[in-house]
Amino acid sequence: MYSRKVLDTFANPKNVGEISDADGVGTVGNASCGDIMKIYLKIENDIIVDAKFKTFGCAAAIASSSTATEMIKGLTIDEALKITNADVVEELEGLPPQKIHCSVLAQEAIAAAVEDYRSKKQKKTE
């Protein structure tokens, strides 16, 4: 059902946790579907210098969160927004069709965290 990479990433996820002084935080999903993903970003000069996640969900959701946070570290926020769920699936060497939504959550959580960062940044300049 799951690729070896998904299983390995689920068993040994990277970037688990919170960033207490995060510049952007994005939360997506809902309790009714069972998957809730929260991504924290530390950003300096529009470059993501750190990313962490807390995810309540299945192996695919946790693996997608871990992979997405690894993929965006070192990218500008605009580059991070170009990461698609298909990129996450490819990096994981595939997900079962019924678990593709987990990679979509990762893409949406990145976008939500960047939007939160931009919103906070704009308020500081007002």
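The values are calculated or read from the model by the stated rules, or taken from the named source; none is laboratory data. From a predicted model like this one, the values you see are computed outputs, not experimental measurements. Note that each Cβ is placed from the backbone with ideal geometry, even for glycine, and that neighbours are counted across all protein chains shown.
In this structure, does Ala106 turn out to be of a type in the set (Gly, Ala, Ser) and closer than 16 Å to Thr55 by Cα? Considered against the rule, which asks whether it is of a type in the set (Gly, Ala, Ser) and closer than 16 Å to Thr55 by Cα, Ala106 comes out as yes.
Among the residues making up segment 1-15, a single one is part of a loop (DSSP other than H, G, I, E, B), surrounded by fewer than 12 Cβ atoms within 10 Å (Cβ to Cβ) and more than 17 Å from the chain's Cα centre (by Cα): Met1. The set of residues in segment 100-113 that are surrounded by fewer than 22 Cβ atoms within 10 Å (Cβ to Cβ), in contact with a helix residue (DSSP H, G or I) (Cβ under 7 Å, 6 or more places away or on another chain) and touching a residue at least 40 places away in the same chain (Cβ under 8 Å) contains only Ala111. Screening Gly34 against (1) at pLDDT below 95; (2) in contact with a helix residue (DSSP H, G or I) (Cβ under 6 Å, 6 or more places away or on another chain) leaves a single unmet condition, (2). If only residues of segment 52-86 that are of a type in the set (S, T, N, Q) and touching a helix residue (DSSP H, G or I) at 6+ places or on another chain (Cβ under 8 Å) are counted, the one that is farthest from Gly34 (Cα to Cα) is Thr84.
Screening the candidates Lys82, Lys54 for the property of being touching an Asp or Glu at 6+ places or on another chain (Cβ under 8 Å) and modelled with pLDDT of 95 or more yields one hit, Lys54. For Glu70, are the conditions met, namely being over 12 Å from the mean Cα position of the chain (by Cα) and either under 15 Å from Gly17 (Cβ atoms) or not hydroxyl-bearing (Ser, Thr, Tyr) (or both)? No, not satisfied.
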